[in-house]
Amino acid sequence: MTDRNGQFFWVELMTSDPQAALAFYSDVIGWTTMPFGEDGGYTLVVGSAGALGGVMAIPDEARDRGMTPWWGGYIASADVDADAARLVAAGGRIKRPAEDIAGVGRFAVMGDPGGATFMLLKGSSPDGVEAPSPMALGHVGWHELYSGNFDADMAFYTGQFGWAKGDAMDMGDMGVYQLISQTGGGDFTSMTGGIMPLPKEMPVPLWLFYYVVADIDAAAQRVTAGGGTILNGPSEVPGGSWIIQARDPQGAMFALVGVRGAEAA
């Protein structure tokens, strides 16, 4: 089993309308779904290589504090309590202290130095989660941080999780786009995401997850047909793939990555 400690391995959508969101993403991305737990409040989403995340309603207490629909990511941890303390010492903060989820594991909600939220999770199963092949359909093909403090966040993730830097691309007025590898490799094929300064159009720092689709143009059409909004793209990126950034009908931001028309055939 692949050691995923220090890497994103699970995503989760908290939304105002779980059933509508599940219908939307199942159509756009091609996920199948599977209920989890006895109360039916959590639904797994499944790509070509297995389950990759879940969808649930925004908890009442979080909604009362102003939470709106959003995608969050879990980083695997061997010791959530120790890692949370270590991350605080490195400039992060604890947004929700470590606690157990019956039948799932132990988790904590964290903030990086720039203000973006992520979660730590140690699963209760000793087997862990296998890493899907790169660009497996329906899975996360790219992780992108819109950073509220570029230098501090870069030092935080590379220093605390062992992520490696790849090439840095000058984006002019938007600053530097720094490629990163969660597995520690330095070549382009090992890059799993990027970190860039928070654009002025973005209200808050956040992690954005790019889900892999077979045909980016067809998927973009499904986004708009299903009531979502294309914010940017399709745009070509290094390596020959194309991306879009979008909002779902409930308002959560997400992204897609794939090839175009004839290339997808």
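The values are calculated or read from the model by the stated rules, or taken from the named source; none is laboratory data. Nothing here was measured: the structure is a model prediction, and the numbers come from that model. With ideal geometry, Cβ positions are generated from the backbone for all residues, glycine too; neighbour counts draw on all protein chains shown. Ligands, DNA and RNA are stripped out before the accessible areas are found, and what is left, the full protein with its side chains, is counted by its heavy atoms. Shrake-Rupley method; radii C 1.70, N 1.55, O 1.52, S 1.80 Å.
Close Cβ contacts (under 6 Å, 6 or more residues apart or on different chains) running from residues in segment 99-114 that are open to solvent by 30 Å² or more (accessible area, probe 1.4 Å) to residues that are in a loop (DSSP other than H, G, I, E, B) and acidic (Asp, Glu) are absent. A single member of 184, 194 is farther than 18 Å from residue 254 by Cβ and surrounded by 13 or more Cβ atoms within 10 Å (Cβ to Cβ), and it is 184. Reported count of residues in segment 200-227, each being open to solvent by 20 Å² or more (accessible area, probe 1.4 Å) and either on the phi < 0 side of the Ramachandran plot or under 16 Å from the mean Cα position of the chain (by Cα) (or both), is 16. Applying the set (1) in contact with a Gly (Cβ under 7 Å, 6 or more places away or on another chain); (2) closer than 26 Å to residue 249 by Cβ to residue 114 leaves exactly one unmet item: (2). Inspect all residues belonging to segment 156-164 and state whether any of them is of a type in the set (A, V, I, L, M) and either more than 19 Å from residue 257 (Cβ to Cβ) or modelled with pLDDT under 95 (or both). Checked segment 156-164: at least one residue is of a type in the set (A, V, I, L, M) and either more than 19 Å from residue 257 (Cβ to Cβ) or modelled with pLDDT under 95 (or both). Taken over segment 10-27, the criterion of being more than 27 Å from residue 182 (Cα to Cα) and either among the charged types (D, E, K, R) or open to solvent by less than 50 Å² (accessible area, probe 1.4 Å) (or both) is satisfied by 15, 17, 18, 20, 21, 22, 24, 26, 27.
Counting the residues of segment 79-106 that are assigned to a loop (DSSP other than H, G, I, E, B) and modelled with pLDDT under 95 gives 3. Against the test of being assigned to a loop (DSSP other than H, G, I, E, B) and in contact with a Gly (Cβ under 7 Å, 6 or more places away or on another chain), the options 239, 227, 186 yield a single qualifying residue, 186. One residue stands out in segment 43-68 among those that are surrounded by 13 or more Cβ atoms within 10 Å (Cβ to Cβ) and over 18 Å from the mean Cα position of the chain (by Cα): the one that is farthest from residue 121 (Cα to Cα), namely 63.
Among the residues of segment 211-237, how many are in contact (Cβ under 8 Å) with a residue 60 or more places away in the chain and closer than 23 Å to residue 178 by Cβ? The qualifying residues number 2.
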